[in-house]
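What follows is a short report on a single structure.
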């Protein structure tokens, strides 16, 4: 599988044309609406297209410059159809002369270029985003037919559809009409002909006479999935492990404001073999049989920051392990918005009437803020040839904590410490418990390409790893056996001790800083994730619970104080009584007589008589006690 | 936090293990299980203040507690285990010099006295034991001369390990030290009920034996199933002749051997920041 890292030089000499029904003004390349692309999809497409050169390729709908480049470099000629005129003009200014850019919808292409046929047809953003406000009132099925009719016999067709049952969609905090830009003019998700499952998607394509040769799911933002996985891989029960972790990361990278963290739902879907049914998007490949076995890696995943840099990992499951098929550096595709900057459009405002202006209210769900700094990098060479397919160490630790099994937790923590020390004391390899596995009785890494900019000691890596785990366990209010007053530094210190590291304040601080750097880089677009409803409710409940327990604690302390007061009082009374008796005794005639006798005897040098007398007195006293 | 934590000097032992003053041990931030128990570590009527943490010997009490909607358990193992670590040589004699049976009958407490046939028990002990017998009476029975005399007249040695304490007063902080020293010298430990002392004895190499009239305590609350449930759950341990390997495995489980904590970790669990930062 080849993977060129260089794009076709953009000369800006493409040809611009129009088909009936273009949209003005409109953009599919700026703001919320993203074109299809991203490093994972681009790598997957490269594998799919192989070394073949196509005579004339057709790309319909918004695709990023990375995707377009890969097609252009494998085609003699390329026709690109985008519905917005502004987008078409911008694309013409950056694409080479072998590309013809048409502004308009798919049905405009079908009517204006009725005889046009292509030997490669792509619609990786789905068929809905090929239609415009002035398109005919076409159902999804009808649009799919128009698309497939553009393909000449024996050609390759790749078409995508997003899934309304996607977990990210189900958890999306926005009402339906605010989730999809196109819904502003047409509620296309009400279309009954849209596929509700990968099977119905395949059936629809086959029903129009195309031969389906591959089905793939996309996990992550619908237009720019972070993971592409062969349907056969995700249609079986999967335990928490590398692929599920990638799916969770992809879901968190969606850019949607969510009602709850998707990790739990994705884990449950994976365990029930329903990851395909709940994926963000599907890709169907039709046409001649694919060369190679398999032609496309079973799983293609982008591991890196949200800016598209990082590593593209190709892997396949076999015999209880993941086998690395290839790891290449991901080069972020240049965005059209970066190459052809335009000012952001002003929001529509009502004209003032009677001196009153109409200010639209601020939406409750704001756009996510700008990403934080990317402080980690990735090195593809860090990946091992294979790694276990079972649950990662973080998942195992979470399960042990939920079972209150501190001895087993301690044992695993010790093995983690050994793994960290094997890395050496000046390593840049990021240590993340979510990227470590049990291989026999050893903890091993090998599935993570993340590296730090500067080396850190094994103890510092461990401290960072345990802080990250703390955020996972305690931050998500997972069940664990440690009391609340230990949460935070004491708990991390305890876990570090289990890993064989005596932590001082400096190490804890360093670990916290390194953990924050890793979090910032991994969720570069989600540094300040909006608080989900579930988190807000859970925090509220936790606060009320803690308050009740603190009240109980105060009660316990006050009661202890009461007992202590009673003890003190009885001791005080005893002391006073003894003091009084002592005073009385000292003032008694007997005591004074004895003192006089003793001092007289001493003065007369008869100390021996005194000592014998004292001894006899002692014997009398002991006898009295025994009786 | 509760005066029961001071029973038998257990709070003092843990303080010593953690490197703190064991004459006036620091306050524990919760409740410490002070005896082996078939419930959650405490009796059914025990009251707990909200938010209290419960330090139990093994995982089963915690699970039983959770099932009763009690919360905040942490398994730390029995304080006895920490004493074994602190005093590895106390009372140790060569194995072939261990002598006698330390017999520990089921006992009452300040809130209730046991009822049963002491003479029948004595007869069975005499029929069973081949080693010299020393009866260890709980102080509530030891303080009753009529009970003490029964066992003395039977020809047994009679002893008491000291007072448990109440409301932080009268605690014999050497109680468990004396027991440890005694167990290490005796060859056998026996009782008419499976109880804490049997496990303590097994943990230092005594042959265990459980037989005789289990007696009854009128105030005993059957909510957790009472002694019949003990017999059902640990039938192997309610026999005159008990397999030593089985006894050891069950003892390690019930005392929570694998849950022992290092001193710093235990200190962070038990004590507040003021104590730990001193």
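Here are some notes:
- Condition check for residue B:141: more than 14 Å from every other protein chain (Cβ to nearest Cβ) and farther than 30 Å from residue A:570 by Cβ: no
- Residue match in region B:73-87 (condition: in contact with a helix residue (DSSP H, G or I) (Cβ under 9 Å, 6 or more places away or on another chain), within 14 Å of another protein chain (Cβ to nearest Cβ) and part of a loop (DSSP other than H, G, I, E, B)): yes
- Members of region A:290-309 that are within 16 Å of the chain's Cα centre (by Cα) and modelled with pLDDT under 90: A:304, A:305, A:306, A:307, A:308
- Among the residues of region A:580-595, not a single one is in a helix (DSSP H, G or I), within 14 Å of chain B (Cβ to nearest Cβ) and surrounded by 10 or more Cβ atoms within 10 Å (Cβ to Cβ).
- The one condition in (1) surrounded by 16 or more Cβ atoms within 10 Å (Cβ to Cβ); (2) in contact (Cβ under 8 Å) with a residue 60 or more places away in the chain; (3) within 29 Å of residue B:156 (Cα to Cα) that residue B:34 fails to fulfil: (2)
- Long-range neighbours under 9 Å by Cβ, at least six apart or interchain, first residue facing another protein chain (nearest Cβ under 10 Å) within region A:554-577, second in a helix (DSSP H, G or I): A:560/B:3; A:563/B:3
- Cβ-Cβ distances below 9 Å connect the following pairs, each with a first residue in region B:154-169 that is under 25 Å from residue A:570 (Cβ atoms), a second residue that is modelled with pLDDT under 90 and part of a strand (DSSP E or B), and a separation of six or more residues or different chains: B:164/B:109.
- For region B:240-263, the tally of residues that are closer than 23 Å to residue A:501 by Cα and crowded, with 16+ Cβ neighbours inside 10 Å stands at 4.
- Condition check for residue B:2: on the phi < 0 side of the Ramachandran plot, crowded, with 20+ Cβ neighbours inside 10 Å, free of Cβ contacts under 8 Å to residues at least 60 places away in the same chain and touching a strand residue (DSSP E or B) at 6+ places or on another chain (Cβ under 9 Å): yes
- Residues being crowded, with 16+ Cβ neighbours inside 10 Å, in a helix (DSSP H, G or I), in contact with a strand residue (DSSP E or B) (Cβ under 7 Å, 6 or more places away or on another chain) and away from chain B (no Cβ under 14 Å) are entirely absent from region A:496-510.
- Residue selected from region A:441-492 under the condition over 22 Å from residue A:374 (Cα atoms) and in a strand (DSSP E or B), by the criterion farthest from the other protein chains (Cβ to nearest Cβ): A:444
- Residue check for residue B:218: more than 14 Å from chain A (Cβ to nearest Cβ) and more than 20 Å from the chain's Cα centre (by Cα): yes
- The condition (being surrounded by fewer than 19 Cβ atoms within 10 Å (Cβ to Cβ), in contact (Cβ under 8 Å) with a residue 12 or more places away in the chain and assigned to a helix (DSSP H, G or I)) is satisfied by just one residue among B:181, B:274: B:181.
- Subset tally (residues that are crowded, with 23+ Cβ neighbours inside 10 Å and either in contact (Cβ under 8 Å) with a residue 40 or more places away in the chain or part of a strand (DSSP E or B) (or both)) for region A:418-432: 3
- Among the residues examined, residue A:543 does not qualify as out of contact with any helix residue (DSSP H, G or I) (no Cβ under 7 Å at 6 or more places or on another chain) and in contact (Cβ under 8 Å) with a residue 24 or more places away in the chain.
- When residues of region B:18-29 are limited to those that are within 14 Å of chain A (Cβ to nearest Cβ) and without any contact (Cβ under 8 Å) to a residue 60 or more places away in the chain, the one surrounded by the most Cβ atoms within 10 Å (Cβ to Cβ): B:25
- Test: residue A:365 is in contact with a helix residue (DSSP H, G or I) (Cβ under 9 Å, 6 or more places away or on another chain) and either at pLDDT below 90 or on the phi > 0 side of the Ramachandran plot (or both): yes
- Filter pass, residue B:14 being modelled with pLDDT of 95 or more and either in a loop (DSSP other than H, G, I, E, B) or within 14 Å of chain A (Cβ to nearest Cβ) (or both): no
- Of residues in region A:290-309 being out of contact with any helix residue (DSSP H, G or I) (no Cβ under 7 Å at 6 or more places or on another chain) and under 22 Å from residue A:240 (Cβ atoms), the one surrounded by the most Cβ atoms within 10 Å (Cβ to Cβ): A:304
The values are calculated or read from the model by the stated rules, or taken from the named source; none is laboratory data. Just so it is clear, the model here is predicted, and its values are computed rather than measured. All Cβ positions, glycine included, derive from the backbone under ideal geometry; neighbour counts span all protein chains shown.
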